[in-house]
1. Quick check: net charge around N125, other residues with Cβ under 15 Å of its Cβ, Lys/Arg +1 and Asp/Glu -1?
2. Quick one: net charge around N138, please, counting Lys, Arg +1 and Asp, Glu -1 for every other residue with C-beta under 14 Å from its C-beta.
3. Fully extended, how many nm does the chain gain between L59 and N151 (0.36 nm per residue separation, minus their Cα-Cα distance)?
4. Extending each Cα 7 Å along its Cβ direction at M33 and S185, get the distance between those two points in nm, one decimal.
5. For region 153-167, just list the computed ³J(HN,Hα) in residue order, Karplus coefficients 6.51, -1.76 and 1.60, θ = phi - 60°, integers in Hz, with x standing in for Gly and Pro.
Amino acid sequence: MSMIDDTCNTVYSDFSSCSMNWLNKRTTEFYRMDDQIILPWWFGALCWSYTLAGIVMLLSIPHWTKKTIFPYRTFAMMLIFIQGPLSFQADFMTLTNDSIYQVLDRGYACINCFFELGRMLCIYNNVGFEICCCYFANFSLAIFCFMNSQNAQMNSSPDLFIFWHALWHLYPITTTVLRMIELYSTKNLQADDLEILSSSDVKVQSLNFRWTIKSQKQKNRDL
């Protein structure tokens, strides 16, 4: 038992140390490689996809936010004013430099990943299993692209890094597309609910009307 505990403690210690070193690292593997890596303009433009996603979130606030404690608007504001600018500074402007933006970008990216998982849980509970699966599959694919971009960076491969990290930055755009699908499906569900309610109201009114007529006839017979 003590051997298992020692192994678990060692693994936890190594993982914690590795995670903290990664989070606190002020440089990338492309440090001082200005002459070897040329970032295209569209790579920098994709860094602002987080800002775009946050704006769309505020323009299409889902109905389930009224029933949960999830900080939906706060999450959107963080994407607009923090994650977008930090991503642009860390991944485009200071990729080959020693910069605090590298630390801040990683930290806020981790926080926003937890927010995203929380949002998916709210979608599962309030919208449906199918659309939640789409969100989770999209998130898993984005993480896969991010890990590949990190491997490319460790191997000092600028072209592969640009390819995989650009796909990672496409995640907010694909999420925005899913948000539109969610909004459309939710509207259809609400419309169906309204039709059911209206039809049931008509049935209730019809039954009440018939009951009134029968009661009136019974009274006339008694007289």
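1. +1
2. Values: positive: R119, R179; negative: E116, E130, E182.
Residues near N138 contribute -1 overall.
3. Numbers: separation 92, 0.36 × 92 = 33.12 nm, distance 3.63 nm.
My answer for the length gained is 29.5 nm.
4. Between M33 and S185, the simple spin-label model gives 4.0 nm.
5. After applying 6.51 cos²θ - 1.76 cosθ + 1.60, I find 5, 5, 8, 6, 10, x, 5, 5, 4, 4, 4, 6, 6, 5, 5 Hz.
Each value in this text was obtained by applying a stated rule to the coordinates, not by laboratory testing. The structure presented is a predicted model; accordingly, all values stated were derived computationally and were not measured. Using ideal geometry, Cβ is built from the backbone for each residue, glycine included, and neighbour counts are taken over all protein chains shown.
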